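Trainee: Attaching a single structure in structure tokens format; questions to follow.
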Amino acid sequence: MNTKFTYPGIFTRLMSFSYDVLLLIAVWILSGFVFLAIYKFFVEADNFPPLIGAFILLFSTIAYYVFFWSHGRNTLGMSTWKHYLISDDGLKISFLVALKRLGLSIILNVFSFFYIFIDQENRTLVDKILKLRVIKKIVSF
């Protein structure tokens, strides 16, 4: 069995990101409910500090992306569209590189994504800086 790959276009990458956002909202809701139950068990107050809620959203977002990128090469949305994140040498990326990719993606968000139109391998600016590639695996016999 031969495996080939192509570089995914902007449409499939946006669809993958949209699917990840829906899954991330579910993670936010679940982690919020779990933390709220723990908070209510230990603290008898009726008010919930908004700063803690923002921290929960930030931590669960970082945990979702960094865990999937560093352990499985793709998030669940990327997996649906058969996208894989690899380094230029073809290896999995480390935890630190995944954290850098998320941070730079948040900072350079739209500008980084428009770089896809310029690059021949459909890389974002963040992927070019960190020497990463998103590939789409095609299985052929």
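The values are calculated or read from the model by the stated rules, or taken from the named source; none is laboratory data. Please read these numbers as outputs of a predicted model, since none were measured by experiment. Cβ coordinates were reconstructed from backbone atoms using ideal geometry, including for glycine residues, and neighbour counts include every protein chain displayed. These area figures cover heavy atoms from the full protein model, side chains too; ligands, DNA and RNA do not enter into them. Shrake-Rupley method; radii C 1.70, N 1.55, O 1.52, S 1.80 Å.
Trainee: Quick one: work out Rg over Rh on the C-alpha atoms of segment 83-141, Rh as Kirkwood radius.
Mentor: 1.00
Trainee: Kirkwood hydrodynamic radius, the chain, all distinct C-alpha pairs: what's the number in Å?
Mentor: Taking every pair of different Cα atoms in the chain, averaging 1/r and inverting gives 16.6 Å.
Trainee: Another question, if that's okay. Taking a 18 Å limit on the Cα-Cα distance, which of the listed pairs LYS100/LYS128; LYS82/LYS131; LYS4/LYS137; LYS4/LYS136; LYS4/LYS128; LYS92/LYS128 fall beyond it? Walk me through the intermediate numbers first.
Mentor: Numbers: LYS100/LYS128 13 Å; LYS82/LYS131 20 Å; LYS4/LYS137 6 Å; LYS4/LYS136 9 Å; LYS4/LYS128 22 Å; LYS92/LYS128 16 Å.
Pairs exceeding 18 Å: LYS82/LYS131; LYS4/LYS128.
Trainee: Now for a different question. Go ahead and run the numbers for FRET between PHE42 and PHE95, Cβ-Cβ distance against an R0 of 30 Å, rounding to 0.05.
Mentor: Computed FRET efficiency for PHE42 and PHE95 comes out at 0.45.
Trainee: Where does the charge balance sit around TYR7 when Lys and Arg score +1, Asp and Glu -1, over other residues with C-beta under 14 Å from its C-beta?
Mentor: The answer is +4.
Trainee: Say we join alpha carbon atoms closer than 10 Å with springs in a Gaussian network model of the chain; which of PHE59, PHE41, PHE67 then has the biggest fluctuation?
Mentor: Among PHE59, PHE41, PHE67, the largest GNM mean-square fluctuation belongs to PHE41.
Trainee: If I compute solvent accessible area with a 1.4 Å probe over the protein chains, what percent of it on the chain is carbon and sulfur? Display every interim value, and only then the final one.
Mentor: Details: 6730 of 9190 Å².
Ligands and nucleic acids excluded, carbon and sulfur reach 73 percent.
Trainee: Full-extension gain between GLN120 and LEU22, please, as 0.36 nm times their residue separation minus the C-alpha to C-alpha distance.
Mentor: Fully extending the segment from GLN120 to LEU22 adds 32.3 nm.
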